[in-house]
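The values are calculated or read from the model by the stated rules, or taken from the named source; none is laboratory data. Computed from a predicted model, the values in this text were never measured in an experiment. Note: ideal-geometry Cβ built from the backbone for every residue, glycine included; neighbour counts use all protein chains shown. The accessibility values were calculated without ligands, DNA or RNA, using every heavy atom of the protein model including side chains. Shrake-Rupley method; radii C 1.70, N 1.55, O 1.52, S 1.80 Å.
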Amino acid sequence: MSFSNTTENDILQLLFNKVALSWDANNTLYVALHTADPGEAGSQTTSECAYGSYDRVAVTRNGSSGWTVTGNAITNAALIQFPQCTSSTETVTHVSIGLTDLPTAGQIIAKGALSASLSVSSGIQPQFSAGELDLTLD
């Protein structure tokens, strides 16, 4: 997993200049699917999927139903289920966790590559079972 450049700067400002995170009050993060690496300078719309009915998935910022943090890794605490594809075909290679819902180009907090690409076509509903989406911070 990699933090975005903006998030890296936010964290350094917090640690060394005591500048509060501008997004600390956000109670929800949004998981997005990507057809290529959005990069550390990208936003949530960079290489984002656009299949029919696609939408980002809201996940609460808490340990019981949102995210589990252990050591230097996070995992989803519950099912993350994207809308079923109604048209088009795409290959998902990356996932990101960001600050906003569609259609805005929100800040990516963290992003990473899937261990295996996911082909999405009509009738397919991408999802990550609880504990299946693992991101490790190096």
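For the condition open to solvent by 40 Å² or more (accessible area, probe 1.4 Å), small (Gly, Ala, Ser) and under 16 Å from residue 3 (Cβ atoms), what is the one hit in 73, 113, 105, 130? Even if it seems obvious, please write down each step before you answer.
Numbers: 73 fails: open to solvent by 40 Å² or more (accessible area, probe 1.4 Å); 105 fails: under 16 Å from residue 3 (Cβ atoms); 130 fails: under 16 Å from residue 3 (Cβ atoms).
Of 73, 113, 105, 130, the one residue that is open to solvent by 40 Å² or more (accessible area, probe 1.4 Å), small (Gly, Ala, Ser) and under 16 Å from residue 3 (Cβ atoms) is 113.
Only residues in region 9-32 that are over 30 Å from residue 79 (Cα atoms) count as the first member; pair them with residues that are part of a loop (DSSP other than H, G, I, E, B) and open to solvent by less than 40 Å² (accessible area, probe 1.4 Å), Cβ under 7 angstrom, at least 6 apart or cross-chain, and list the lot.
Hits for this filter: 14/21.
From 61, 56, grab the single residue that is open to solvent by less than 40 Å² (accessible area, probe 1.4 Å), out of contact with any Cys (no Cβ under 8 Å at 6 or more places or on another chain), of a type outside the set (Asp, Glu) and free of Cβ contacts under 8 Å to residues at least 60 places away in the same chain.
Numbers: 61 fails: open to solvent by less than 40 Å² (accessible area, probe 1.4 Å).
Residue meeting the stated conditions: 56.
For the subset of region 1-18 comprising residues that are part of a helix (DSSP H, G or I) and touching a strand residue (DSSP E or B) at 6+ places or on another chain (Cβ under 6 Å), which member is most open to solvent (accessible area, probe 1.4 Å)? Let's see the steps before the verdict.
Here is the first cut: in region 1-18, the residues part of a helix (DSSP H, G or I) are 5-17.
Cutting the leftovers down to touching a strand residue (DSSP E or B) at 6+ places or on another chain (Cβ under 6 Å) gives us 6-7.
On the way: 6: 74, 7: 1 Å².
Filtering region 1-18 for residues that are part of a helix (DSSP H, G or I) and touching a strand residue (DSSP E or B) at 6+ places or on another chain (Cβ under 6 Å), the one most open to solvent (accessible area, probe 1.4 Å) comes out as 6.
Inside region 19-78, counting only strands (runs of 3 or more DSSP E) that do not spill past its ends, which hold 3 or more residues that are in contact with a strand residue (DSSP E or B) (Cβ under 8 Å, 6 or more places away or on another chain)? Break it down stepwise before answering.
On the way: elements: 28-34, 57-60, 67-70, 73-76.
Counting at least 3 such residues, we get 28-34, 57-60, 73-76.
Out of everything in region 84-128 that is outside any strand (DSSP E or B) and under 30 Å from residue 10 (Cα atoms), what residue ends up being modelled with the highest pLDDT?
Top of the filtered list is 99.
Between a first residue in region 105-124 that is under 17 Å from residue 41 (Cβ atoms) and a second residue that is open to solvent by 70 Å² or more (accessible area, probe 1.4 Å), which pairs have beta carbons less than 6 Å apart while being 6 or more apart in sequence or on different chains?
Matching pairs, first to second residue: 107/6.
Condition test on residue 40, is it buried (at least 16 other Cβ atoms within 10 Å of the Cβ) and of a type in the set (Asp, Glu)? Walk me through how you get there before you give the answer.
Details: buried (at least 16 other Cβ atoms within 10 Å of the Cβ): no; of a type in the set (Asp, Glu): yes.
Taking the combined requirement at face value, the residue does not satisfy it.
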